[in-house]
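Reading through the structure tokens given below for one structure.
The values are calculated or read from the model by the stated rules, or taken from the named source; none is laboratory data. Keep in mind the model is a prediction, meaning the values are calculated, not measured. Quick reminder, even Gly has a Cβ in these numbers, built from the backbone with ideal geometry, and neighbours come from all protein chains shown. Note: areas computed on protein heavy atoms with side chains; ligands, DNA, RNA excluded. Shrake-Rupley method; radii C 1.70, N 1.55, O 1.52, S 1.80 Å.
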Amino acid sequence: MQRPTYSHSPPLHHPVPQHVSTVPQLRSPPPLASSYDGSPYQPQPQHQAPSGTGMFGPYANFINDPAAQIATQFGQSAFRHGQEYFEQNVNRFVNVTALKHYFNVTNSYVLSKLFLVLFPWRHKPWTRRQAPGGGGRPGQENWYYLPPRDDINSPDMYIPVMSLVTYIFLQALISGLRGKFQPELFGYIATTAVVVQIVEILGLKLGCYLLSISNESQLLDLVAYSGYKFVGINVTIIIAEIVNGGKGTGGWVGWMVFLYTFLANSLFLMRSLKYVLLPENNNDRGNPMQTMHPLDSRAKRNQRTQFLFFYSYIVQLFFMWILCRS
């Protein structure tokens, strides 16, 4: 049987690729450096910053720019002139140099002073310490009072200012614990405290004017002494709130604490303000703080004593009661 023969074989069809892709050419890695030590980890070359840039990078040119240096000098000059202008205008109303004297305190002084304000019963002496200073007339020395850090009987403004700020935040905190806090409460409490201080100082100045009492640092001394009552007020509020369970300064415990702090503050003011309202004759020492003429009558001294008692007890009782109840 013979197989059939075909004159033409059927055509073969090969698949044609639809997408032509290019094979990336692989390159051999560069030859290793001659210093190869067999470790597969080689340090990478570090790029050094161009010379002239330094640690500031691209901003070094700006810093070294003459225009930038001129602008910096102009800004420093403007700041210096502004500071001088501010000090000159402030000195018209407040003696900044004298004000720094009242903030010259230490930690030990603050603790001792707080203890003195709260427990003045057995403290002695109450007289302020003085030291001689130059600038007096020939054959006569000028005497000045030592700063608070060197004399516990010297008035300061650090404790009154911090006590006032503490009073404002303490009242706001208590209101928040009672669920009655509002942002406007800070302004109300601060305004009440500042108004009380202003009225008290104006009353003191009026009494000193009527009684012919004046010295170089009287106003700042009165401002400092009038702020010590906030120490007793803060103690009264804190103890009363803890003991009364958040019911305020009412109750016999609150009134007992208030009575104690009031009497302690009054005695402290009576003893401390004596050198201001009842000064002694210090002509032999050339004391610049002398406020009473040697020929002042006994009647005027009695009037000053009565004024001191009225301020230390009656006025303080009224203002401390207002601030504790507010």
List, in order, the whole-Hz ³J(HN,Hα) value for each residue of the range 236-241 obtained from phi through the Karplus relation with A = 6.51, B = -1.76, C = 1.60 and θ = phi - 60°; use x for Gly and Pro.
4, 5, 5, 5, 5, 5
Along the Cα→Cβ direction, 7 angstrom out, place labels at S175 and R129. What is the inter-label distance in nm?
4.3 nm
Solvent-accessible heavy-atom area per residue, rounded to whole Å², over the range 142-212 at 1.4 Å
54 Å²
Using amide H atoms built 1.01 Å from N in the peptide plane, name the residues 5+ places from W143, or on other chains, whose amide H lies under 5 Å from its own.
G133
At a probe radius of 1.4 Å, what is the per-residue accessible area of V199, in Å² to the nearest 10?
80 Å²
Can you sort R178, R301, R325 by solvent-accessible area, 1.4 Å probe, largest first?
R325, R178, R301
Given K124/K274; K229/K300; K205/K229; K100/K124; K274/K300; K100/K300, the pairs whose alpha carbons are separated by over 22 Å
K229/K300; K100/K124; K100/K300
Rounded to the nearest 10 Å², the accessible area of K300 using a 1.4 Å probe with every protein chain kept is 60 Å²
Need one value: the accessible area of E84 in square angstrom, 1.4 angstrom probe, rounded to the nearest 10.
90 Å²
